[in-house]
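Taking it in order: structure first as structure tokens, then the write-up.
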Amino acid sequence: MMTVTVNGESRDVPPGTTVSTLLTSLGLHPRLIVVEYNREILDRTSFDATEVREGDNLELVHFVGGG
Amino acid sequence: MSSQMLEGASATSLDSPFVVAGRTLRSRLIVGTGKYRSNDEMVRAIDAAGAEIVTVAVRRVDLDRTKEEGILHHLDPERYFLLPNTAGCYTAEDAIRYARLGRAAGMSDWVKLEVIGDQRTLLPDVAATLEAANVLVAEGFQVLAYTNEDVITALRLEDAGCAAVMPLASPIGSGLGLVSPYFIREIKSRLSCPVIVDAGVGTASDAAVTMEQGVDGILMNTALAEAKDPVRMALAMRLAVQAGRLAFLAGRMPRREVAVPSSPVTGMLD
């Protein structure tokens with residue numbers, strides 16, 4: 001397993017995990033999520049091809065109520 | 001509560017179009033989506049408000065409570081123009097980061113920029129706001145900048161290329177109404193870009209008085225969300241914004257410190 005940080009929390013994921021499979025495993029719909037991958041915004045078309053690596057930092061954000 | 005009874009000839013054909021960043025808007029009332037007691041109430045209030053633009057915040061997905069849904073599960077982006085904000089940001093760097101995340105959601109290039117300077121007042125850090133505005137405009141954003149009622153800052157934000165400048169009526173969430181009508185009028189008279197008053201409106205009379213200053217629109221959230229009945233208040237605000245706008249365009253009568261009779265003073269009986 002590899003350890004990555006997702007929204008500030010450490011998570012163990014199996015080798016070969018992509019951003020897409022990570023989102024799916026978390027029950028998230030990729031269309032509604034913006035991914036910041038090691039401080040860079042990841043284009044949605046790259047979710048499938050981007051394999052996460054040990055020590056990566058991901059922020060998964062979406063729109064919530066606000067003024 | 002019919003929402004059609006208010007529009008039609010009266011409000012729209014007697015007003016000029018409200019255009020922001022090349023987009024013609026059908027409502028001068030922009031509403032937020034925060035702090036409602038339920039999503040259902042929020043949706044009904046926004047409908048009653050007749051708003052076209054609604055603001056949203058960018059936040060981490062809550063991974064432990066996946067049934068906590070994002071706002072897109074409740075608001076149809078085909079029907080509403082979602083305006084991401086940078087609320088909660090205290091530095092230009094953070095605000096730029098949140099603006100980019102909001103744009104990456106793929107709705108538009110628009111951002112409601114706010115850089116807060118102080119937790120107690122939530123007043124803007126105007127230097128940081130200007131700094132962020134310059135960067136975001138250069139990156140192609142349409143920046144709608146929250147600011148205070150300082151005319152010079154408003155002018156600088158317009159010079160920076162902001163699509164709209166949004167001075168506060170009073171502090172965010174305070175409901176204190178329009179504190180500085182003079183400065184709001186001055187900002188409106190000095191700027192060419194749209195001026196949208198953002199924050200502080202508490203009830204319908206506040207909205208009407210604000211629009212009577214000649215500003216182009218109002219953005220509000222707490223006044224609806226924290227009303228006992230947000231749907232009724234939303235309709236009240238919709239009417240008040242229209243009423244205030246029409247009253248401004250109509251031009252009020254002069255104020256006099258003396259009474260003047262409305263009925264003829266001649267023709268009285270002996």
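Straight-line reach only, C-alpha to C-alpha below 14 angstrom: list the aspartates and glutamates that residue B:228 could link to, leaving out same-chain residues fewer than 8 apart.
B:41
State the antiparallel share, in %, of DSSP beta bridges confined to the protein assembly as shown, rounding to the nearest 5.
Of all bridge pairs located within the protein assembly as shown, approximately 50 percent are antiparallel.
Going 7 Å from the Cα of residue B:119 along its beta-carbon direction, which residues of the range B:69-95 have the amide nitrogen within less than 13 Å of the resulting point?
Flagged as within label range: B:90.
Using a 10 Å cut-off on Cβ to Cβ distances, tally the other chain neighbours for every residue of B:100-107 and report the average as a whole number.
What the average comes to for B:100-107 is 5.
Dividing the convex hull volume of the Cα atoms of chain A by its residue count, what figure in Å³ per residue is obtained?
Convex hull of Cα atoms, per residue: 93 Å³.
On average, how many beta carbons from a partner chain sit within 10 Å of the beta carbon of a residue in B:125-134?
Mean number of neighbouring Cβ atoms from other chains: 0.
Can you work out ³J(HN,Hα) from phi for every residue in the range B:143-150, in order, using Karplus 6.51 cos²θ - 1.76 cosθ + 1.60 and θ = phi - 60°, giving whole Hz and x for Gly and Pro?
Ordered by residue, 3J(HN,Hα) equals 9, 10, 9, 6, 8, 8, 8, 7 Hz.
On full extension of the chain, what length is gained from residue A:26 through residue A:45, given 0.36 nm per residue of separation minus the C-alpha to C-alpha distance?
Between residue A:26 and residue A:45, full extension yields 5.0 nm more.
Looking only at chain A, where both bridge partners belong to it, what percent of the DSSP beta bridges are antiparallel (to the nearest 5)?
85
To make sure I understand the rule: partners must be aspartates and glutamates, Cα under 14 Å from the Cα of residue B:35, and not fewer than 8 residues away in the same chain. Which ones qualify?
Leaving aside aspartates and glutamates fewer than 8 places away in the same chain, those within reach of residue B:35 are B:226, B:229.
Evaluate peptide B:52-60: per residue, the Cβ atoms of other protein chains within 10 Å of its Cβ; return the mean as an integer.
5
Going by average Cβ density within 10 Å per residue, which order do the peptides B:124-133, B:240-249, B:27-36, A:46-55 take, highest to lowest?
Averaged packing, sorted descending, gives the order B:27-36, B:124-133, B:240-249, A:46-55.
Along the Cα→Cβ direction, 7 angstrom out, place labels at residue B:35 and residue A:10. What is the inter-label distance in nm?
The two pseudo-label positions are separated by 3.9 nm.
List the residues whose amide H sits under 5 Å from the amide H of residue B:61, counting only those 5 or more places along or on another chain, with H placed 1.01 Å from N in the peptide plane.
Correct list: A:60, A:61, A:62.
We did not get these values from a lab; they are worked out from the coordinates using the rules stated. If you're wondering where the values come from, they're calculated on a predicted model, not measured in any experiment. Reconstructed Cβ throughout: ideal geometry from the backbone, glycine too, with neighbour counts over all protein chains shown.
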